[in-house]
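Structure record follows, encoded as structure tokens.
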Amino acid sequence: MNATTISPAHALGDGRARSAGRYVSDTLLLTGRSLRSIPRVPERLLDVTIQPIVFILLFLYVFGSAIHVTGISYKDYLFPGIIGQSLAFGIIGAGVATSNDMTEGVIDRFRSMPISRLSIISGQVMGQFCEALLGMVIVVGFGLALGWSPHLTIAHGFELAGLMILGMFAFTWLGVLFGMLVRSPDAMQGVGFIVIFPLSFMAGTFVPISGMDAVPRAIAQWDPISALVASVRGLTQGTHSTGSWQLEHPQVAMALWCLVILAVAVPIALRRFNRTLAA
Amino acid sequence: MTNSEPPAIEALGLTKRFGDFVAVQSLDLLVQTGTVVSLLGPNGAGKTTMVRMLATLLRPDAGQARIAGHDVISEPDRVRRVISLTGQFAALDKNLTAAENLHLMARLRGHGRTGARTIAVALMERFDIEAISDRLVKNLSGGERRRVDLAASLIDMPQLLVLDEPTTGLDPRSRQVVWSTVRDLVAEGVTLLLTTQYLDEADALADRVVLIDHGREIAAGTPAQLKAQVGEQRVDAVAADGAELERLEQALSVNFATSVARDQRTVSIPAPDEVADLARVAQAIRESGIAVDEVALRRPTLDDAFLALTGRPANAEADGGPDAEHDPTPMQEVAR
């Protein structure tokens, strides 16, 4: 008996595995795989839903009474900050999920199958992106329910949506990269707590940057999350931030940050993924 | 099967280092189409590293390998099309059901929605997983997971099936199920590379066994040939308990070349004079007054072959979980 005669794999032809159509369909299949696990592991959404909601409640009803920001109600000041922070927390979520996934045997199965390596990572990124988007919808909905009142023109609405999608995409890639660099999901939580957690506070998220001590103020002036928060606040509440170039042009700075993050994270993540592999 | 067909695996001088640690050192491997070859060795011997190089998951530092005539380094896509790997840890998405996993793998292998469903249904029937098909993989037992895993490896009948420690961690009954499945596949003509740290497994399933240790080949041949290399019968004395085992070993090592399998409370002694040696050992035990459960003459096993060829028992390092010591997990490799 000749094993090749019973192998339908050969009937698929050689060129197909490389074709763009195959890449798109494999990516969609693998995105579907990631999405299907959301209702089955709902705790994966914690980073981007419960955490921001806890911060909303803490700052709105516990610390908020002691914080006064001139020219804007604290509620309207807070929600753009929370949106920025939960976007940043998406890095941790994507990192933990990726690092979890990479320790699973199923990734080895995918890598030993005749599908493009890029589609495996793309599926991962798309799945995480959808999770971040879902988290964002929940957080914004919660904010609106508590009485946050954004003042958006249609043009600003599109600008905001575009920036948010770009931001989520860049942060997801960054998280996927981190998830491949660290050795375990716990290590990713550690990185998140030590790096992303403080950066998300030193960003004009909950209190104005101008009142901070010199060192955190200097960090905040160039923290990418500051640009994100200032962008959202500027577009939804019409505020004008000052203190550094990026705070005076937050939308441009935010877009530039995202492009830089993508330009760095995408190739490194791809190289990492392929590193130990033949070809 | 034609003679012009290239071997299923032809590896020459494969070498892989992780930093200073040499996981696989200049290993050759020839697997003819239609045969079952077992890579046998203890934890950390380099089995998984070898398999990962052959499956295009790890780039060799030196040497070359061809799978069904396709080079693993320059033609990985072609290799991936003829090979099917079932890794040491169940290669399934644990958050999907068994049926969803099979369906996904079939879709990724290029089958349409309907075709994939037909394949999944047929495989579930064949591997007796219909009853558990709607349960999440993370809720399945080790044996059930292995069956789903094997089914996923056979979506398109591969030219070469690679099973990396298929029964590690399974209970004896699940192990028998995996064995009988493997035997069925072999009867269908599948070429199989099987790694194992269980000597009886290699003995039961393989046509040829390659014994490896510390990344090197120690010996190779049919199970019978390997046993012949050890060449003599042995006397096994099973102590009544752990304390008696210590005393038994002390007492017997005075007059005999002993080796001890602690987990089996057994002291083993070469018996070139067969029944005469059995009588001498029995006499020595009786004089010592040590309590034993059993004293028996037996044919050599692959265990003995390993001991004879490496100077230490095959399971000396086998207590750290599956290849815990040296073979890196996928994660460690990614992080490297």
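The values are calculated or read from the model by the stated rules, or taken from the named source; none is laboratory data. Please read all numbers here as calculations on a predicted model, not as lab measurements. FYI the Cβ positions are ideal-geometry reconstructions off the backbone, even for glycines, and counts take in every protein chain you see.
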- [ ] Within segment A:100-118, track down each residue that is within 7 Å of chain B (Cβ to nearest Cβ), more than 25 Å from A:Ala20 (Cβ to Cβ) and either of a type in the set (A, V, I, L, M, F, W, C) or in a helix (DSSP H, G or I) (or both).
- [x] A:Met102, A:Gly105, A:Asp108
- [ ] Could you please let me know if A:Asp213 is within 19 Å of the chain's Cα centre (by Cα) and of a type in the set (D, E, K, R)?
- [x] no
- [ ] Residue by residue through segment B:232-282, note down the ones that are part of a loop (DSSP other than H, G, I, E, B) and small (Gly, Ala, Ser).
- [x] B:Ala240, B:Ala257
Task: Lone unmet requirement of (1) of a type in the set (A, V, I, L, M); (2) within 14 Å of chain B (Cβ to nearest Cβ); (3) over 20 Å from the mean Cα position of the chain (by Cα) for A:Ala97 - done: (3)
- [ ] Check A:Leu247, A:Leu256 and return the single one that is closer than 28 Å to A:Ile154 by Cα, at pLDDT below 90 and assigned to a helix (DSSP H, G or I).
- [x] A:Leu247
- [ ] Return yes when A:Ser241 is in contact with a helix residue (DSSP H, G or I) (Cβ under 8 Å, 6 or more places away or on another chain), modelled with pLDDT under 90 and part of a helix (DSSP H, G or I) and no when it is not.
- [x] no
Open item on the list: For segment B:75-88: of the residues being within 7 Å of another protein chain (Cβ to nearest Cβ) and over 26 Å from B:Glu130 (Cβ atoms), which is surrounded by the fewest Cβ atoms within 10 Å (Cβ to Cβ)?
Closed with: B:Asp77
- [ ] Among the numbered conditions (1) free of Cβ contacts under 8 Å to residues at least 60 places away in the same chain; (2) within 12 Å of chain A (Cβ to nearest Cβ); (3) in a strand (DSSP E or B), tell me where B:Leu30 comes up short.
- [x] (2)
TODO: Could you run through segment A:25-64 and say how many residues are part of a helix (DSSP H, G or I), polar (S, T, N, Q) and within 14 Å of chain B (Cβ to nearest Cβ)?
DONE: 4
TODO: Taking the residues in segment A:42-63 that are surrounded by fewer than 16 Cβ atoms within 10 Å (Cβ to Cβ) and either among the small types (Gly, Ala, Ser) or more than 18 Å from the chain's Cα centre (by Cα) (or both) as candidates, determine which candidate is nearest to B:Val137 (Cα to Cα).
DONE: A:Val54
TODO: From the list A:Gly143, A:Gly190, pick out the single residue that is in a helix (DSSP H, G or I) and free of Cβ contacts under 8 Å to residues at least 60 places away in the same chain.
DONE: A:Gly190
Open item on the list: Please determine whether any residue of segment B:55-63 is assigned by TED's automatic domain parsing to the domain that holds B:Thr35 and outside any loop (DSSP other than H, G, I, E, B).
Closed with: yes
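Could you please let me know if A:Gly204 is in contact (Cβ under 8 Å) with a residue 24 or more places away in the chain and either within 24 Å of A:Pro39 (Cα to Cα) or in contact with a strand residue (DSSP E or B) (Cβ under 6 Å, 6 or more places away or on another chain) (or both)?
No, not satisfied.
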- [ ] Might you let me know whether segment B:73-91 holds any residue that is polar (S, T, N, Q) and not assigned by TED's automatic domain parsing to the domain that holds B:Ala187?
- [x] no
TODO: Residues being more than 25 Å from the chain's Cα centre (by Cα) and in a strand (DSSP E or B): count how many of those fall in segment B:64-88.
DONE: 0
